[in-house]
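Comments concern the structure below.
Laboratory data are not the source of any read-out in this text; all were calculated from the coordinates shown. Fair warning: this is a prediction, and the values are worked out from it, not measured in the lab. Neighbour counts are summed over all protein chains in view; Cβ atoms, including those assigned to glycine, are modelled from backbone coordinates with ideal geometry.
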Amino acid sequence: MVTFSYVDSVYWILFSLAIVAGIVDAIAGGGGLITVPCLLLAGVPPLSALGTNRLQAVIGEATASLTFIMSKQIPLDGLVRGSVWTYAGALLGSVTISLVDKESLEILLPVLMAAITVYSVASKKLKAESPRIAKMNTKQFMMVCGLLIGFYNGFFGPGTGSLWMLCFVVLLGFTLKQATMVTKPLNLVGNLVSLLMFIYLGHVDFALGLIMGLGQVIGSIAGSKLVLSYGSRLVRPVFISVTTLMTAKLIFDRVFTDGLV
């Protein structure tokens, strides 16, 4: 007779939730909205929860990136250059985090995410099924956005995928489907830098992270296939839902966690 301990049950639950998070993350980002709270509820210490989440997220993003690249539908122009600049920005952000107070970002981020949500609902650009005229050339875009968004990812993190996607749509004229695909490998680079920092600090539960990572592989493949099949028709509503939930969570954390109410 097979018996399951409490730990086994928790692992199975987190594995299942990682599948769901992988689907959501592959479509529009924001899988951490599911996994981080669940890790905390499972009793994982906050820093270990963040580090373990990075491990499983990196596995999921690597899977989604590979799936999109193999589909031959992902825009590859400037991707290597963008990855280099993103790595440099994320590394700089990770170093700076111990030197600068994050208070201003914690105040501004809910406002930024709310603005992204409103723009996503109102803008016709996010509904477009064909590319538009770019406002920057790819070389400039990858350098500027790679450094800035990479720095933000290494320094703070929440909403990085949403920022990438919006910049690709607004500045390079990508469809939301194209933006979703090309965001994954760039976001992967930034998250990998952050993961290495958590590993160095000893805040990663490798057993749990790899179990959830397996769930991420399953979910990321499923989510990527949905993006390839349905494009912006699917990505836009999920993207709006994710940014709305992220805005609500950031406001809740700011108001209640900081003791303002």
*asked:* Roughly how far apart, in whole Å, are the Cα centres of the stretch 141-162 and the stretch 6-46?
replied: 24
*asked:* If I fit a long axis through the Cα atoms of helix 232-252 and take the longest principal axis of the Cα atoms of the chain, what angle between them do I get, 0 to 90°, rounded to 10?
replied: 60
*If we sort 73-86, 170-183 on the protection proxy, mean other Cβ atoms within 10 Å, highest first, what's the order?*
170-183, 73-86
*Would you mind putting 146-157, 124-135 in packing order, based on average other-beta-carbon counts within 10 Å, highest first?*
146-157, 124-135
*asked:* Residues of the stretch 164-195 with the amide nitrogen closer than 16 Å to a label point 7 Å from the Cα of residue 226, along Cα-to-Cβ, please.
replied: 177, 180-181
*Mean separation of Cα contacts under 8 Å (6+ apart) over length of the stretch 117-258, as relative contact order %*: 32
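Rounded to the nearest 0.05, what FRET efficiency is calculated for residue 42 and residue 156 with R0 set to 30 Å and r the Cβ-Cβ distance? Don't skip to the end; give the middle numbers.
Numbers: r = 24 Å, r/R0 = 0.80.
Rounded to the nearest 0.05, the efficiency is 0.80.
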*For peptides 230-240, 184-194, 31-41, sequence by mean Cβ density within 10 Å, most packed first*: 184-194, 31-41, 230-240
*In nanometres, what is the gap between the two model label sites at residue 96 and residue 248, each 7 Å from Cα along Cα-to-Cβ?*
3.2
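If you take the square roots of the eigenvalues of the alpha-carbon gyration tensor of the stretch 77-215 and sort them as a ≥ b ≥ c, do you get rounded (a/c under 1.5), prolate (a/b over b/c) or oblate?
Prolate, because a/c is 1.5 or more and a/b exceeds b/c.
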_Cα-based reach from residue 249 at 20 Å (exclusive), listing lysines while leaving out same-chain residues under 8 positions away_ = 102
*Roughly what would the spin-label model give for residue 139 and residue 71, points 7 Å off Cα along C-beta, in nm?*
3.0
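For 252, 198, what ranking results if the residue with the fewest other Cβ atoms within 10 Å of its Cβ goes first?
Values: 252 12, 198 20.
Fewest-to-most ranking of 252, 198: 252, 198.
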*Just name one of 108, 22, 241: the one whose Cα is farthest towards the positive end of the charge dipole of the chain (beta-carbon charges, Lys/Arg +1, Asp/Glu -1).*
241
*How far is helix 103-122 tilted, in degrees, relative to the longest principal axis of the Cα atoms in the chain, given as a value from 0 to 90 rounded to the nearest 10?*
60
*Compute the length gained on full extension between residue 210 and residue 115: take 0.36 nm times their separation in residues and subtract their Cα-Cα distance, giving the result in nm to one decimal.*
30.7 nm
*Please go through the residue pairs 124/184; 124/177; 72/177 and name each one whose alpha carbons sit more than 20 Å apart in this structure.*
124/184
